[in-house]
Amino acid sequence: MADVVIDVDDRDRLIEEISLLRAKVARLQERVEQLDQLAHRDSLIDLPNRRGFMRELERLIARVERYSISGAMLFVDLDGLKIINDTFGHRAGDEALIQVASLLVKGVRHSDVVARIGGDEFGILLESSDEAAAQETALRLIEQISACEFLFEGEALPLSVAVGVGMIDACDTAEAVMERADEAMYARKQAA
């Protein structure tokens with residue numbers, strides 16, 4: 001749009017131009033919101049992606065520090081996704097991811113954050129949760145997922161997850177919390 005010089009004495013034209021500019025600004029703001037959604041949401045599952053999760057984790061760390069509350073991160077790894085993909089195809093793997101995501105969201109509080117942070121990995125943020133409550137939530141989610149009936153094209157496929165708990169400390173970094181939760185998940189996986 002070329003710059004146009006408007007005679008300020010032309011009141012009607014000035015009002016029209018202001019209206020056009022306001023409409024353009026509104027469209028641009030809407031587009032920025034759409035781009036923000038794309039940058040922070042998973043394209044397969046309507047959950048935050050890793051970038052969105054890290055933003056929420058940093059916010060939780062700040063609340064833990066500021067308000068002296070407890071918080072935890074659960075690192076969830078879907079077992080056997082490669083086998084499902086190789087045996088039944090990627091559509092089956094996608095459906096398994098969607099099923100697990102749904103169970104994770106249903107298995108935690110509405111205020112908790114569930115995100116897909118990698119191919120077969122999910123992260124969950126639990127605000128105001130001590131270690132005992134976080135461990136109980138992890139065990140409950142493991143049981144719910146292993147007990148679910150996942151059918152793909154009439155074939156029952158077992159689902160299971162490994163879950164690690166990382167507690168959030170004041171002055172923590174998002175990377176340190178992720179690393180602790182990831183290490184706890186691998187330790188649980190090796191113990192199984």
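Hey, among the residues in segment 143-163 that are in contact (Cβ under 8 Å) with a residue 40 or more places away in the chain and acidic (Asp, Glu), which one's nearest to HIS40 (Cα to Cα)?
Taking the candidates together, the pick is GLU153.
Out of the residues in segment 51-72 that are of a type in the set (Gly, Ala, Ser) and part of a helix (DSSP H, G or I), which is nearest to VAL113 (Cα to Cα)?
GLY52
Taking the conditions exactly as written (open to solvent by 80 Å² or more (accessible area, probe 1.4 Å), at pLDDT 90 or above and over 18 Å from the mean Cα position of the chain (by Cα)), does ARG51 satisfy them or not?
Criteria not met by ARG51.
Would a scan of segment 173-180 turn up a residue that is surrounded by fewer than 18 Cβ atoms within 10 Å (Cβ to Cβ), closer than 25 Å to ARG55 by Cβ, of a type in the set (S, T, N, Q) and in contact (Cβ under 8 Å) with a residue 24 or more places away in the chain?
Yes - at least one qualifying residue is present in segment 173-180.
Considering only residues that are open to solvent by less than 40 Å² (accessible area, probe 1.4 Å) and assigned to a helix (DSSP H, G or I), look in segment 24-48 and name the one that is modelled with the lowest pLDDT.
The extreme case among them is ALA39.
Restricting to segment 170-181, name every residue that is of a type in the set (Asp, Glu) and out of contact with any helix residue (DSSP H, G or I) (no Cβ under 7 Å at 6 or more places or on another chain).
Answer for segment 170-181, where residues must be of a type in the set (Asp, Glu) and out of contact with any helix residue (DSSP H, G or I) (no Cβ under 7 Å at 6 or more places or on another chain): GLU175, GLU179.
Given the residues ALA92, ALA156, ALA133, which is the only one that is of a type in the set (Gly, Ala, Ser) and either open to solvent by less than 20 Å² (accessible area, probe 1.4 Å) or in a loop (DSSP other than H, G, I, E, B) (or both)?
Result of the check over ALA92, ALA156, ALA133: ALA92.
Pick out the one residue from ARG109, ARG140, ARG116, ARG188 that is surrounded by 15 or more Cβ atoms within 10 Å (Cβ to Cβ), closer than 17 Å to ALA72 by Cα and without any contact (Cβ under 8 Å) to a residue 60 or more places away in the chain.
ARG188
The values are calculated or read from the model by the stated rules, or taken from the named source; none is laboratory data. Please read all numbers here as calculations on a predicted model, not as lab measurements. Virtual Cβ from ideal backbone geometry, glycine too; neighbours counted across all protein chains shown. Surface accessibility is based on the protein's heavy atoms, side chains included, excluding ligands, DNA and RNA. Shrake-Rupley method; radii C 1.70, N 1.55, O 1.52, S 1.80 Å.
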